[in-house]
1. Does residue B:77 count as more than 21 Å from the chain's Cα centre (by Cα) and surrounded by 22 or more Cβ atoms within 10 Å (Cβ to Cβ)?
2. With respect to the numbered conditions (1) more than 14 Å from chain B (Cβ to nearest Cβ); (2) out of contact with any helix residue (DSSP H, G or I) (no Cβ under 6 Å at 6 or more places or on another chain); (3) at pLDDT 90 or above, which one is the sole condition not fulfilled by residue A:166?
3. Looking at A:105, A:157, which is the one that is within 11 Å of another protein chain (Cβ to nearest Cβ), touching a helix residue (DSSP H, G or I) at 6+ places or on another chain (Cβ under 6 Å) and touching a residue at least 24 places away in the same chain (Cβ under 8 Å)?
4. How many residues, within region A:92-102, are touching a helix residue (DSSP H, G or I) at 6+ places or on another chain (Cβ under 7 Å) and more than 8 Å from every other protein chain (Cβ to nearest Cβ)?
5. Hand me the list of helices (runs of 4 or more DSSP H) wholly inside region A:161-264 holding 3 or more residues that are at positive phi.
6. Scan region B:198-221 for residues that are within 13 Å of another protein chain (Cβ to nearest Cβ) and surrounded by fewer than 24 Cβ atoms within 10 Å (Cβ to Cβ) and jot them down.
């Protein structure tokens, strides 16, 4: 590849010391590269170190071995080009929707009026117009996720990390949010690394799906998803091509899930 | 047909109005029962004294306490006007409370945010916290004299550790996700402190303020017990010295009113600051 990868992990290892003094290896010899503008999903057995990977890329943690780079530059602390959508609610409960969305630009030194204008625009784009002055506890789970998306996209991230963002939502809301995400991504053109335990979700959204092994995690296989875009999240899962891909990846994934269970 | 089905109320359906009426009735019942408890207690005490079951020399007498209060308000106490004594105690407790709370919050946040500082100092704070701090009152009286300074110092010490411990804990308990989110959104360490750590520690800090105003009052009054020229503590000590149990109880009631007023002020402040919280069904 000639152009630099948006995200690249090579031979990365991340180990923890447990309270009993043992060394627990979350990632070992982990290799993955994501091109600019590419949507890559990671699936794997629970607790295999998927979230750990995102933490390393976001600069929230450091690897014990190997290299993590963003556009060929090693990650050193939190990078401004990175956006992160968390699994749990991470919007600020004491701020209303407007001030939650404004937070990023304000932290980054944008003027107040400018930040508010941007925020109002993003609030409208995620369909929350009219809720600017609601506090998070007054919103539904799906609406709080929309706030989180607006909060992240307003910073124009070139690299977007998502840690099972929709796993706490009900099925109908999740489908809507997936559609919304694809639309936002089509405009933002950021490289996305999307962690999920839901294989269907991974295939519906991603260009490539990486299957991880049980702990210590490494990439077991990478599957290209050559389904045309724009994709219709609601109907695609009944498409024959979708089913064929899902079956293939599922066999791969199932092997690891069974191995993970045998290990415990 | 459909129309009739809609307009005809179901037999089991309770009209909204009657629900509201019921709730109001219940509220009135609770109030009435509360008053009844108060009346029974005070009447029992009063009649207990009158029938000779309770010795008023030791335990006072409600009517005597009321007369004492009226006397204090009209003619002043043996150590000066009542308002003066109340004001002195409020001033000492209030000043001690403010100083202690401000220092407690500042130190709690500073230590909570700094790993090394907190590891170094946490052991000393534990030790300081386990010392019965009221004893320091004697030292303060010796060092700072009989005036307000020694009482304020004691109140500060009483308040500081409670607020400090809560602020510290509140900072440490701040949601890791929120902190990570703010960092990725671009917050500097200072912005992280002001816009994530302090707001999330705020409910801990405010909770400690409720408790610690009581401690500030205790500090001021104990200080006055130990040696003072004025104040509610001295008033109680004087009443005790002349075996005037009605006087002790009367002073106690005055102090309780002060404490309740402070509590009400703090609750108002808390509600003002924490409007973002989901409405909890605060059952008083």
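1. yes
2. (2)
3. Result of the check over A:105, A:157: A:105.
4. Here the count works out to 5.
5. Once the helices (runs of 4 or more DSSP H) in region A:161-264 are filtered for at least 3 residues that are at positive phi, nothing remains.
6. Across region B:198-221, the qualifying residues are B:198, B:199, B:200, B:202, B:203, B:206.
The values are calculated or read from the model by the stated rules, or taken from the named source; none is laboratory data. Here the structure is a predicted model, which is why all the values come from computation and not from measurement. Because the Cβ atoms are built from the backbone with ideal geometry, glycine has one as well, and the counts that use them run over all protein chains shown.
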